[in-house]
Every structure is written in structure tokens, then in C-alpha cells.
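Single-structure report; data block below.
The values are calculated or read from the model by the stated rules, or taken from the named source; none is laboratory data. Keep in mind it's a predicted model, so treat the numbers as computed, not measured. Neighbour counts are summed over all protein chains in view; Cβ atoms, including those assigned to glycine, are modelled from backbone coordinates with ideal geometry. What goes into the accessible areas is simple: the full protein's heavy atoms, side chains included, and nothing from ligands, DNA or RNA. Shrake-Rupley method; radii C 1.70, N 1.55, O 1.52, S 1.80 Å.
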Amino acid sequence: MPTPDNSVPSNPLTAGRAAPPAGSPAVPRAALKPVDTETKSGALFGIAAYGLWGLMPLYFFLLQPAGAIEIVANRVVWSVIFCLGLITVTRTWRVLGSAFRNRTVLGPLTIAAVLIAINWLVYVYGVTTGQAVEASLGYFINPLVSVLLGVIVLKEKLRPLQWAAVGIGFVAVGALTVSYGKLPWIALTLAFSFGLYGFMKKRVGPRVDAVTSLTVETIVLAPTAAAAMIVLALNGTATLTTQGAGHFWLLAAAGIITAVPLLLFGASARRLPMTTIGLLQYLAPVLQFIVALTVLREAMTPDRWIGFGIVWLALVVLTVDMLRATRKNSLMRKLARATV
């Protein structure tokens, strides 16, 4: 899935790669190699992270006959175990304790935990009930929702192309509502829950690293998840121990499968500029969409193709605006350095 927090730390290795002013000494080629290596490794980490998020429907499909509640409950519990293991290995128990003692960190992360639980439940439900195409739509429109939340929540002023992208997005939702015969609630719930999740994570900012953040969120959810697993077991509907060793270990792997892409994303975000990360984020829904059509064999009617086409047009407009804004900011920085 796309980045959990929609935020990218600044990258000192790529921030100032403009050509030096006339008359300044040439930069040795050897000095550029570390930057190039960091950029390449960052791109590989990013592709790996978004690639794994994009292939996630295959994993959830393999977990059948487990339902959405059981899958998410196991995902939370096994993620806690895996994250606590990482905390032990990296000896960051003190950092974790500080996060729980800091209300300005714990509060937003608690809300974020509830939002990501909703996101996981709806996404797994969509994939396991033959609605993976609509689930992928949620992550396609997530960038548009993030822009809209910026206006509503942060009172940000949008550029004309951003307004155009949001407007086209509304048209797309209308077209898809007609196509599906109902509001595409799975896609909208995924987009808004993930967008709000990113907003809450931004409130925490760089005060908490990725592993600590995920650990706090899963610990907050763990009591509810454990209770759900117990209830399912008592009702005789749990599949964790009734479908053989392979099924057990597939469910137990949820902790690793949840944490690894997040760690890869963190490694990528430290090495790449925001523009590159913004372009890479489309890889996940594209792969989800392809998997839904080719592997899960979900149908796409002509009117749904039209609806998705309008969404993709909105994303093209949004991407063009992002690239133009990045180029303008880069030119302004070059002019500022030239006048110093």
C-alpha cells in the first residue's frame, strides 16, 4: 500500500544538486558517486516497498477462508510481536517508552491506529469479497483526497491545476457511482481513512521513527485484536489452527509482511526527493489493479473503464502540477544561491 504517513523527510543528499555558479571549481566526479549511489538505492527501496504493497491482494487471497476480521486481528497481533522483536534488537525500548509518555505523540498515534485499523479492515474485506478493483481505486484517488483534506483541515490554498484535479476527481466518483449503481464506499473509505491517517502522522512528524510508530499503533490495537481472535476461536470460526501448518504460518507472517514494506519505504524516503516518492506511490494501486484483473479475474465493464480513466486523468493533472511546482521551487533556489 501507499506510504502510511504521506510525508517525506528532506534529503540533504539531493537537495542541492544544481550546477555550480560560473567560475566555481568543478565538482570531482568521485564526489558525485555517493549521491548517485544513494539515489539508486533509494529508488530500489521505494520500488520494493510499493511493489510489496501492490502485491498485497495476493497475500490476502491466499489467507482464505479467513475473513477480514480474523486477518486484521492476526495482522495486528503478529505485528506487535515482530515490532517488539525489532525494538529489542535495536535496543530502542527507551524511545518506545518516551513515545508512550508523550501525550502529543501518543494521542495522534492512537487516532492513527484506529484509522489504519478501519483502512485494513475495509481493504481486506474488499479483496476477499471480489472487490479488489474498487479497493485499488481507493489508493488511486488517495492523492486527490489528501489535497482536499489540505483545504478542509489545514486551510491550504490550492493552485489552479490542483483545483482542476480535485474537480475531475469528483466527476470520476459520480461516473463510478452510476457504473456501480451505488456510491463506491470501499474506495472512498480507503481514501479518506488513509488520508486522515497521514494527517495524524504528520502531527507527530519526525519525533517518532517508523518502527516505533508502528509498534505504538499496533500495541494500542492489540487488546481489541486479541479479543477478536478469542471470540472467533470460541465461536469455532477461527482458521488460524484449523487449516493446517501452511495456513498458520501464512497468518503468522502478517507481522513481517506489514513491517517490511514500511521499513523499506523509510529507507527510500531518506534518500529520495519528495517528487520521486510522489511518483512512485502510483506503483502500488497500479499493481493492485493489474492483480485484480489478471489473477483475481474481476470484471471491468466499459463504464467502469471510463470512470477509472477520469481518475487517471485527474492524477495526470495533479502530477503535472507537482512537477511544475517542484521545477519552479528548484529555479528559485538556484536564483537565491546565485545572488548570495
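Residue by residue, here is whether (1) more than 22 Å from Val95 (Cα to Cα); (2) without any contact (Cβ under 8 Å) to a residue 40 or more places away in the chain; (3) in contact with a Cys (Cβ under 8 Å, 6 or more places away or on another chain); (4) not in a helix (DSSP H, G or I) holds:
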| position | (1), (2), (3), (4) |
| --- | --- |
| Leu158 | yes, yes, no, yes |
| Ala165 | yes, no, no, no |
| Ala175 | yes, no, no, no |
| Ala191 | yes, no, no, no |
| Leu196 | yes, no, no, no |
| Leu214 | no, no, yes, no |
| Val220 | no, no, no, no |
| His247 | yes, no, no, no |
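Go through the range 267-340 and tell me which helices (runs of 4 or more DSSP H), entirely inside it, have 1 or more residues that are over 29 Å from Leu44 (Cβ atoms) and of a type in the set (A, V, I, L, M).
Answer list for the range 267-340: 302-339.
What pairs come up if the first residue lies in the range 200-212 and is of a type in the set (Ser, Thr, Tyr), the second is open to solvent by 30 Å² or more (accessible area, probe 1.4 Å) and assigned to a helix (DSSP H, G or I), and their beta carbons are under 8 Å apart, counting only those six or more places apart or on different chains?
So the pair list comes out as Thr212/Val95.
For the range 198-210, give me each residue that is open to solvent by 30 Å² or more (accessible area, probe 1.4 Å), of a type in the set (A, V, I, L, M, F, W, C) and either under 15 Å from Val95 (Cβ atoms) or touching a Gly at 6+ places or on another chain (Cβ under 8 Å) (or both).
Ala210
When only residues in the range 82-102 that are polar (S, T, N, Q) and in contact with a helix residue (DSSP H, G or I) (Cβ under 9 Å, 6 or more places away or on another chain) count, which is farthest from Thr215 (Cα to Cα)? Talk me through it step by step, then tell me what you get.
Within the range 82-102, the first condition is being polar (S, T, N, Q), and the residues that meet it are 88, 90, 92, 98, 102.
Those left that are additionally in contact with a helix residue (DSSP H, G or I) (Cβ under 9 Å, 6 or more places away or on another chain): 90, 92, 98, 102.
On the way: Thr90: 13, Thr92: 11, Ser98: 13, Asn102: 15 Å.
The qualifying residue farthest from Thr215 (Cα to Cα) is Asn102.
Taking the range 283-327, which residues are among the charged types (D, E, K, R), surrounded by 15 or more Cβ atoms within 10 Å (Cβ to Cβ) and farther than 12 Å from Ala172 by Cβ? First the steps, then the outcome.
Of the residues in the range 283-327, the ones among the charged types (D, E, K, R) are 297-298, 303-304, 321, 324, 327.
Within this subset, residues satisfying the condition of being surrounded by 15 or more Cβ atoms within 10 Å (Cβ to Cβ) are 298, 304, 321.
Scanning the range 283-327 gives Glu298, Asp321.
Give the number of residues within the range 222-245 that are within 17 Å of Ile81 (Cβ to Cβ) and assigned to a helix (DSSP H, G or I).
Taking the range 222-245 as the starting set, the residues that turn out to be within 17 Å of Ile81 (Cβ to Cβ) are 222-230, 240-241.
Filter again for assigned to a helix (DSSP H, G or I), leaving 222-230.
The qualifying residues number 9.
Quick one: how many residues across the range 234-266 are farther than 30 Å from Gly42 by Cα and surrounded by 15 or more Cβ atoms within 10 Å (Cβ to Cβ)? Break it down stepwise before answering.
As a first pass, look at the range 234-266 and keep what is farther than 30 Å from Gly42 by Cα: 234-249.
Filter once more, so that each one left must be surrounded by 15 or more Cβ atoms within 10 Å (Cβ to Cβ): 238-240, 243, 247-248.
Total meeting the criteria: 6.
Would you mind stating whether Val204 is in a helix (DSSP H, G or I), of a type in the set (A, V, I, L, M) and either more than 21 Å from Thr319 (Cβ to Cβ) or touching a strand residue (DSSP E or B) at 6+ places or on another chain (Cβ under 8 Å) (or both)? Spell out the reasoning first.
Details: in a helix (DSSP H, G or I): yes; of a type in the set (A, V, I, L, M): yes; either more than 21 Å from Thr319 (Cβ to Cβ) or touching a strand residue (DSSP E or B) at 6+ places or on another chain (Cβ under 8 Å) (or both): yes.
Yes.
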